[in-house]
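Asks: Just dropping this structure here.
The values are calculated or read from the model by the stated rules, or taken from the named source; none is laboratory data. In this text, all values refer to a predicted model and were calculated from it rather than measured experimentally. Reconstructed Cβ throughout: ideal geometry from the backbone, glycine too, with neighbour counts over all protein chains shown. Accessible surface areas use protein heavy atoms only, side chains included; no ligands, DNA or RNA. Shrake-Rupley method; radii C 1.70, N 1.55, O 1.52, S 1.80 Å.
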Amino acid sequence: MQPIFYVMAILGCGDGSVDCTEARMVPARYATMAQCRADLANRIAANTDVPYPVIGADCRRIGAQMAKAERKPSRG
């Protein structure tokens, strides 16, 4: 099973931060969501060449995710 990590997508948005689309992915991985969010302002500042009026960023979870199965009591 592969590990879980977080990546950041740079988003280009229209005026008023609407109709956002992914412009590029930041070539960095973060061990936690908190680390990714802490780096948002730096990465947005480093990606001002995106041709949109508004630039944003979003941290996303990447990797295998398992659902927790809860055992239901059997009838009988």
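Asks: Would you check if there is a residue in the range 39-53 being touching a Gly at 6+ places or on another chain (Cβ under 6 Å) and farther than 14 Å from Gly63 by Cα?
Replies: So far as the range 39-53 goes, yes, one or more of its residues are touching a Gly at 6+ places or on another chain (Cβ under 6 Å) and farther than 14 Å from Gly63 by Cα.
Asks: Next up: Within the range 1-33, which residues are among the hydrophobic types (A, V, I, L, M, F, W, C) and either over 12 Å from Arg61 (Cα atoms) or in a loop (DSSP other than H, G, I, E, B) (or both)?
Replies: Met1, Ile4, Ile10, Leu11, Cys13, Val18, Cys20, Ala23, Met25, Val26, Ala28, Ala31
Per-residue answers, yes or no, for (1) closer than 19 Å to Phe5 by Cα; (2) modelled with pLDDT of 75 or more; (3) part of a loop (DSSP other than H, G, I, E, B):
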{"position": "Gln35", "(1), (2), (3)": "yes, yes, no"}
{"position": "Ala64", "(1), (2), (3)": "yes, no, yes"}
{"position": "Lys72", "(1), (2), (3)": "no, no, yes"}
{"position": "Gly76", "(1), (2), (3)": "no, no, yes"}
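Asks: Then there is this: Name the residues in the range 22-42 that are within 16 Å of Val54 (Cα to Cα) and open to solvent by less than 60 Å² (accessible area, probe 1.4 Å), would you?
Replies: Ala23, Leu40
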